[in-house]
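Engineer: Pasting in a structure now, in structure tokens, and then I'll have a few things to ask.
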Amino acid sequence: MEPVRMCVGCRARAPRATLIRVVAVDSVLVLDERASMPGRGAWVHDTQECVDAAMRRRAFVRALRVSGAPDTKALEKRLNGYGKKVNGSK
């Protein structure tokens, strides 16, 4: 059996391998490529639509329990094609 997680953007259940994990480090959203960083994580599809929906609904704020609006620059760079599958990452 493969682990199943819920996307915070579209709220659909999906296999863990199809989602990316995001954690908050000092109110900055950081991609957790290996899904091994400590702390709370939020799972989201690797699509602009799901990330936009999560930001619009403030799902990252609730799921990660951060105060204020988190910085999403690293997440936006990933969705724009920078940093995809580099150095043997998943």
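The values are calculated or read from the model by the stated rules, or taken from the named source; none is laboratory data. Since the structure is predicted, the reported quantities are computational estimates derived from the model, not experimental observations. Neighbour counts run over all protein chains shown; Cβ positions are idealised from the backbone, glycine included. Quick note on the areas: whole protein, heavy atoms, side chains included, nothing else; ligands and nucleic acids left out. Shrake-Rupley method; radii C 1.70, N 1.55, O 1.52, S 1.80 Å.
Engineer: When Lys and Arg each count +1 and Asp and Glu each count -1, what net charge do the other residues less than 11 Å away from Met6, Cβ to Cβ, add up to?
Structural biologist: Combined, the nearby Lys, Arg, Asp and Glu give +4.
Engineer: With the chain treated as a Gaussian network of Cα nodes joined by springs under 10 Å, which of Val22, Val51, Val61 yields the largest mean-square fluctuation?
Structural biologist: Val61
Engineer: At 20 °C and 1.002 mPa s, grab the translational diffusion coefficient of the chain from Stokes-Einstein with a Kirkwood Rh over Cα pairs, rounded to a whole number in µm² per second. Walk me through the numbers before you get to the answer.
Structural biologist: Values: Rh = 13.1 Å.
It diffuses with D of about 163 µm²/s by this estimate.
Engineer: Explain nothing, just compute: Karplus ³J(HN,Hα) = 6.51 cos²θ - 1.76 cosθ + 1.60, θ = phi - 60°, for every residue of the range 60-71 in order, whole Hz, x for Gly and Pro.
Structural biologist: With the stated coefficients, the range 60-71 comes to 5, 4, 5, 5, 8, 6, 9, 9, x, 7, x, 7 Hz.
Engineer: Calculate how many DSSP beta bridges within the chain are antiparallel, expressed in % of all such bridges and rounded to the nearest 5.
Structural biologist: Counting DSSP beta bridges with both partners in the chain, the antiparallel share is about 95 percent.
Engineer: Sticking with this structure for a sec: Using +1 on the beta carbon of Lys and Arg, -1 on that of Asp and Glu, and nothing else charged, what's the dipole of the range 26-72 about the Cα centre, debye to 20?
Structural biologist: 340
Engineer: Given a 1.4 Å probe and the protein chains all in place, what does the accessible area of Arg62 round to, in Å² to the nearest 10?
Structural biologist: 140
Engineer: Could you check how many percent of all C-alpha pairs in the range 14-63 are farther apart than 17 Å? Please list the in-between numbers first.
Structural biologist: Values: 371 of 1225 pairs.
Cα-Cα pairs of the range 14-63 separated by over 17 Å account for 30 percent.
Engineer: Among Gln48, Val28, Ala12, whose Cα lies farthest out toward the positive end of the dipole of the chain, if unit charges sit on the beta carbon of Lys, Arg (+1) and Asp, Glu (-1)?
Structural biologist: The residue sitting farthest along the positive end of the dipole is Ala12.
Engineer: As a test of reading the structure, rank Met1, Met6 by solvent-accessible area (1.4 Å probe, protein chains only), most first.
Structural biologist: Values: Met1 235, Met6 70 Å².
Order by accessible area, largest first: Met1, Met6.
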